[in-house]
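The values are calculated or read from the model by the stated rules, or taken from the named source; none is laboratory data. Model, not experiment: these values are computed from the prediction. In this analysis, Cβ positions are derived from the backbone assuming ideal geometry, glycine residues included, and neighbour counts consider all displayed protein chains.
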Amino acid sequence: MNKLLPTSTAGSLPKPSWLAQPETLWSPWKLDSDILVEGKQDALRLALDDQLQAGIDIVSDGEQTRQHFVTTFIEHLSGVDFEKREIVKIRNRYDASVPSVIGEVVRKKPVFVDDARFLRQQTTAPIKWALPGPMTMIDTLYDGHYKSREKLAWEFARILNQEAKDLEAAGVDIIQFDEPAFNVFFDEVNDWGIAALERAIEGLKCETAVHICYGYGIKANTDWKKTLGNEWRQYEEIFPKLQQSNIDIVSLECQNSRVPMDLIELIRGKKVMVGAIDVATNAIETPEEVADTLRKALQFVDADKLYPCTNCGMAPLSRRVARGKLNALGAGAEIVRRELLAK
Ligand SMILES: [Zn+2]
């Protein structure tokens, strides 16, 4: 990006109420077959338009064509049985009924490539596409086949690499892997989590990002955050190794969270997507508040490597609130951009 402080979002945006029930995760589709395909594409265009109108520079599909950031990808793989469900603890935090791995996991055909190609046709702006990371994928499944978290992660890394290469060929500029699990399983992250992520980006020429956050603003997450104390130092455990990795961009939660901003120093040299929008509240930030967060981040990341962003996806918010937050992000970044250019 040539532009200073290019803005983007972590990924998801709310869906229109005619497509799926608003403010709900895993909300079922309200349309069917061909009409559903058309509806998803219309929603994608609206999500793109909201971003462009708000002055967002690196745009996404707003995840309008998927029900959930992990499940939808896994649904397209063979080797996973969605009827055979088991209760597991997700991210050591909450019980959920999840599908089972029953055989070798294989991507029989591309998952999001048609959607990415459609987004590419709609805009000349740089586009970012989010995929789940290998560790977050295994954490959302019961594994009755490989019986090893690490082995399954390497299998998913191989599959993600195939998908990422197809997305790159479809014209995606940045491929992002969502790894909220990196904030929980520090030993595994350092042992094989980051290595598996590097396997997923092997051979790519486009830029790559990893998004590590404290999750959507749902109750299980906000309750967990209450147990983390005054200072959230989770990033400290994994940043040194991440700094050494081949990943180009690290996307982080910063606004309103208790993450000490100086931890960003540990990934000096990486591009940083600084979360300047809190997705766990309906209060819409003012542009000045966004600018303030970005100014603080500038102490620890060089201006040409700072990418203003949201803390996480905004799927569970209302469209009105999400639009307000997008506008605040665009306007807040512009304030700091002008300050930097005036220097
Ligand atoms: Zn997130």
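Brief remarks on what is shown
- Hey, residue 195 at pLDDT below 95 and either more than 16 Å from the ligand (Cβ to nearest atom) or closer than 20 Å to residue 234 by Cα (or both) or not: no
- Among the residues making up the stretch 218-269, those that are basic (Lys, Arg) and closer than 30 Å to residue 96 by Cα are 219, 225, 226, 233, 258.
- Residues of the stretch 103-112 satisfying the condition of being surrounded by fewer than 16 Cβ atoms within 10 Å (Cβ to Cβ) and not charged (D, E, K, R): 103, 106
- The set of residues in the stretch 169-212 being outside any loop (DSSP other than H, G, I, E, B), of a type in the set (A, V, I, L, M, F, W, C) and touching a Ser or Thr at 6+ places or on another chain (Cβ under 6 Å) consists of 175, 181, 194, 209.
- Looking only at the stretch 46-74, and only at residues there that are in a helix (DSSP H, G or I) and at pLDDT below 95, the one that is nearest to residue 164 (Cα to Cα): 72
This table checks each residue for (1) surrounded by fewer than 19 Cβ atoms within 10 Å (Cβ to Cβ); (2) more than 15 Å from the ligand (Cβ to nearest atom); (3) within 14 Å of residue 8 (Cβ to Cβ).
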site: 271; (1), (2), (3): no, yes, yes
site: 280; (1), (2), (3): no, no, no
site: 290; (1), (2), (3): no, yes, yes
site: 295; (1), (2), (3): yes, yes, no
site: 333; (1), (2), (3): no, yes, yes
site: 338; (1), (2), (3): yes, yes, no
site: 343; (1), (2), (3): yes, yes, no
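- Residue 311 vs. criteria at positive phi, assigned to a loop (DSSP other than H, G, I, E, B) and within 16 Å of the ligand (Cβ to nearest atom): no
- Search result, residues across the stretch 18-45 that are assigned to a loop (DSSP other than H, G, I, E, B) and without any contact (Cβ under 8 Å) to a residue 60 or more places away in the chain: 18, 19, 21, 26, 27, 28, 30, 31, 32
- For the stretch 176-192, the tally of residues that are within 25 Å of residue 106 (Cα to Cα) and either within 16 Å of the ligand (Cβ to nearest atom) or surrounded by 24 or more Cβ atoms within 10 Å (Cβ to Cβ) (or both) stands at 8.
- Condition check for residue 166: surrounded by fewer than 17 Cβ atoms within 10 Å (Cβ to Cβ) and in a helix (DSSP H, G or I): no
- Considering (1) buried (at least 18 other Cβ atoms within 10 Å of the Cβ); (2) away from the ligand (no atom under 16 Å from the Cβ); (3) at pLDDT 95 or above, the lone condition that residue 263 does not fulfil carries the number (3).
- Selection status of residue 89, free of Cβ contacts under 8 Å to residues at least 12 places away in the same chain, of a type in the set (Lys, Arg) and either in a strand (DSSP E or B) or buried (at least 16 other Cβ atoms within 10 Å of the Cβ) (or both): yes
- Residue 295, sole failed condition from (1) modelled with pLDDT of 95 or more; (2) touching a Pro at 6+ places or on another chain (Cβ under 9 Å): (2)
- Boolean, residue 243 is on the phi < 0 side of the Ramachandran plot, within 16 Å of the ligand (Cβ to nearest atom), of a type outside the set (Val, Ile, Thr) and touching a helix residue (DSSP H, G or I) at 6+ places or on another chain (Cβ under 6 Å): no
- Every residue from the stretch 240-258 that is under 18 Å from the mean Cα position of the chain (by Cα) and closer than 15 Å to residue 183 by Cβ: 242, 250, 251, 252, 253, 254, 257
- Selection count, the stretch 61-88, where residues are charged (D, E, K, R) and touching a strand residue (DSSP E or B) at 6+ places or on another chain (Cβ under 6 Å): 4
- Answer residue from the stretch 213-233, given it is assigned to a helix (DSSP H, G or I) and not basic (Lys, Arg) and is farthest from the ligand (Cβ to nearest atom) among those: 223
- Residue selected from the stretch 236-256 under the condition without any contact (Cβ under 8 Å) to a residue 40 or more places away in the chain and in a helix (DSSP H, G or I), by the criterion surrounded by the most Cβ atoms within 10 Å (Cβ to Cβ): 239
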